[in-house]
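Visitor: Here's a structure for you.
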Amino acid sequence: MCLLSDIDTYLRRTGVAETTFGRRAVNDPRLVRDLRRGRIPGPALCARVAAIIAARAS
């Protein structure tokens, strides 16, 4: 899953905790854990996470 690998890369690069990222991105501290366990994100969630990663990458 591309979204999860993008999140993992972001977390390694920034040092942000999984729960902190999920809370900041979509107000769900279990987001990353749930994705690893098979949660299938909808298009809105994917777009929101991608936008946050892109905004903080610059």
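The values are calculated or read from the model by the stated rules, or taken from the named source; none is laboratory data. It should be emphasised that the depicted structure is a prediction, and the values quoted were computed from it without experimental measurement. So basically every Cβ, Gly included, is an ideal-geometry build from the backbone, and we count neighbours across all protein chains shown.
Visitor: Say whether the condition of being assigned to a loop (DSSP other than H, G, I, E, B), polar (S, T, N, Q) and at pLDDT 95 or above is met by at least one residue in the range 4-25.
Guide: Within the range 4-25 (the criterion being assigned to a loop (DSSP other than H, G, I, E, B), polar (S, T, N, Q) and at pLDDT 95 or above), the answer is no, since none of the residues qualifies.
Visitor: Still on this model: Can you pull out the residues in the range 1-21 that are touching an Asp or Glu at 6+ places or on another chain (Cβ under 8 Å) and over 17 Å from residue 54 (Cβ atoms)?
Guide: None; the set is empty.
Visitor: Would you mind stating whether residue 12 is touching a helix residue (DSSP H, G or I) at 6+ places or on another chain (Cβ under 9 Å), loosely packed, with under 15 Cβ neighbours inside 10 Å and among the basic types (Lys, Arg)?
Guide: No.
Visitor: Taking interchain pairs and intrachain pairs at least six residues apart, which have beta carbon atoms under 8 angstrom, with the first residue in the range 8-26 and closer than 13 Å to residue 57 by Cα and the second aliphatic (A, V, I, L, M)?
Guide: 10/16; 10/53; 10/57; 11/17; 11/32
Visitor: A further question follows. Please tell me if residue 54 is at pLDDT below 95 and surrounded by fewer than 15 Cβ atoms within 10 Å (Cβ to Cβ).
Guide: For residue 54, the condition - at pLDDT below 95 and surrounded by fewer than 15 Cβ atoms within 10 Å (Cβ to Cβ) - is met.
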